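Visitor: Quick one: the structure is below, questions incoming.
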Amino acid sequence: MGLADLASRKHRALSVAEVLLASGGIAYLNHKVGAGEIKLGTAADGTGGVPLDGTIGLAGIAFAFWKPESKFASHALAIGLGAAAGFAYRTGAALGDSAAQTAHTAGGPAQVPAHRPAPQLAAAFAKYQTPQHSRVAVSR
C-alpha cells in the first residue's frame, strides 16, 4: 500500500465521517433547538422560513459543483450531502406521518391493491416453480 492509497483511504473515511456528523448534527439541532425543525427567516408568528438543513445541504452541494477546484469542495459536498440526507429523511417522515394520519381519519389503514404480476412474468416464473416452492409455510 503506497502513500497515495493511504491518503485516499483517509480522505474517504473523513468524507464518510463528515456526512454522518452533518446528518446527525442537523437532526440533533432540529430536535434540541427547533422542536423538530429549525427554519431561517421565520416571521414573528412562526410562519414561513426556510429549513436550515435544506439550506445547508443545497449550499454545500452547490459550492462543491461550482468550485470543484477548491480544497474545501469535497468537505462542502460531504457536509451538504449529510444535511440534505437529514432534510430528505425529515421531510419523508413528515409526509409518511401525514399519509398515515389521513388514512386513519378516513376509516382505517390505506388499502393497497393485491399484487398481480403481468401475465408474461407469471408465465416465466411458473416454469421455474416446483411444487415444494409453490407455497411458503410459516411456522409460529
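Visitor: Against the condition in contact (Cβ under 8 Å) with a residue 24 or more places away in the chain, polar (S, T, N, Q) and either surrounded by 13 or more Cβ atoms within 10 Å (Cβ to Cβ) or assigned to a helix (DSSP H, G or I) (or both), how does S8 come out, does it pass?
Guide: Judged against the criteria, S8 is not a match.
Visitor: Now a separate question. Before we move on, is A76 crowded, with 16+ Cβ neighbours inside 10 Å and either modelled with pLDDT of 90 or more or of a type outside the set (A, V, I, L, M) (or both)?
Guide: Spelling it out, A76 is indeed crowded, with 16+ Cβ neighbours inside 10 Å and either modelled with pLDDT of 90 or more or of a type outside the set (A, V, I, L, M) (or both).
Visitor: So L52 clears everything in (1) crowded, with 18+ Cβ neighbours inside 10 Å; (2) within 17 Å of L14 (Cβ to Cβ); (3) not charged (D, E, K, R) except one condition, right? Which one?
Guide: (2)
Visitor: Also, quick follow-up: Inspect all residues belonging to segment 17-36 and state whether any of them is β-branched (V, I, T), surrounded by 16 or more Cβ atoms within 10 Å (Cβ to Cβ) and without any contact (Cβ under 8 Å) to a residue 60 or more places away in the chain.
Guide: Looking for residues that are β-branched (V, I, T), surrounded by 16 or more Cβ atoms within 10 Å (Cβ to Cβ) and without any contact (Cβ under 8 Å) to a residue 60 or more places away in the chain, one finds none in segment 17-36, hence no.
Visitor: Looking for something β-branched (V, I, T) and part of a helix (DSSP H, G or I) - is there at least one such residue anywhere in segment 82-92?
Guide: yes
The values are calculated or read from the model by the stated rules, or taken from the named source; none is laboratory data. Worth saying up front: this structure is predicted, and the values here are computed from it rather than measured. Neighbour counts run over all protein chains shown; Cβ positions are idealised from the backbone, glycine included.
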